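This report refers to the structure that appears directly beneath it.
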Amino acid sequence: MGDMVRYSDNKIIFEADTSTDISTYTLDGRKVNARTLQTNGKFIVDLSDLPQGNYIVTVGETTLKIHKK
C-alpha cells in the first residue's frame, strides 16, 4: 500500500496494486459491503452507506480500524 492513507468524509483513500484484496468488517467479524472505487491510480473505500460505528478495513496485509460518525 502507498505511504499515504487518508480518512475523510467517510471515505478511505489510498494507493494500492490493482490486485490488492480490500475487505470491510464490523468489529464482531461480519463482512459488510462498502463500495470500493478505483480512480486516477487511487482506491476509495466509501463507508457512507454503512451505519455509524467501528469498522476494520483490510487492504492486502494492512489493517485499518475506522470509527465512522
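The values are calculated or read from the model by the stated rules, or taken from the named source; none is laboratory data. Everything numeric here is computed off the predicted structure, so don't read it as measured data. Cβ atoms come from the backbone with ideal geometry, glycine included; neighbour counts cover every protein chain shown. Note: accessible area is taken over every heavy atom of the protein model, side chains too, but ligands, DNA and RNA are not part of it. Shrake-Rupley method; radii C 1.70, N 1.55, O 1.52, S 1.80 Å.
Assorted remarks:
- Residue in segment 25-40 that is touching a Ser or Thr at 6+ places or on another chain (Cβ under 8 Å), closer than 14 Å to Tyr7 by Cβ, part of a strand (DSSP E or B) and β-branched (Val, Ile, Thr) present: no
- The set of residues in segment 3-34 that are of a type outside the set (Asp, Glu), open to solvent by 30 Å² or more (accessible area, probe 1.4 Å), in contact (Cβ under 8 Å) with a residue 12 or more places away in the chain and more than 17 Å from Lys65 (Cα to Cα) comprises Thr18, Thr20.
- Answer from Leu64, Leu50 - the residue that is open to solvent by less than 90 Å² (accessible area, probe 1.4 Å) and either outside any strand (DSSP E or B) or in contact (Cβ under 8 Å) with a residue 60 or more places away in the chain (or both): Leu50
- Of all residues in segment 11-29, those satisfying the criterion of being among the polar types (S, T, N, Q) and over 10 Å from the mean Cα position of the chain (by Cα) are Thr18, Ser19, Thr20, Thr26.
- Filter result (surrounded by fewer than 11 Cβ atoms within 10 Å (Cβ to Cβ) and not hydroxyl-bearing (Ser, Thr, Tyr)) within segment 35-47: Asn40, Gly41
- Condition met for Asp46 (out of contact with any Leu (no Cβ under 8 Å at 6 or more places or on another chain) and acidic (Asp, Glu)): no
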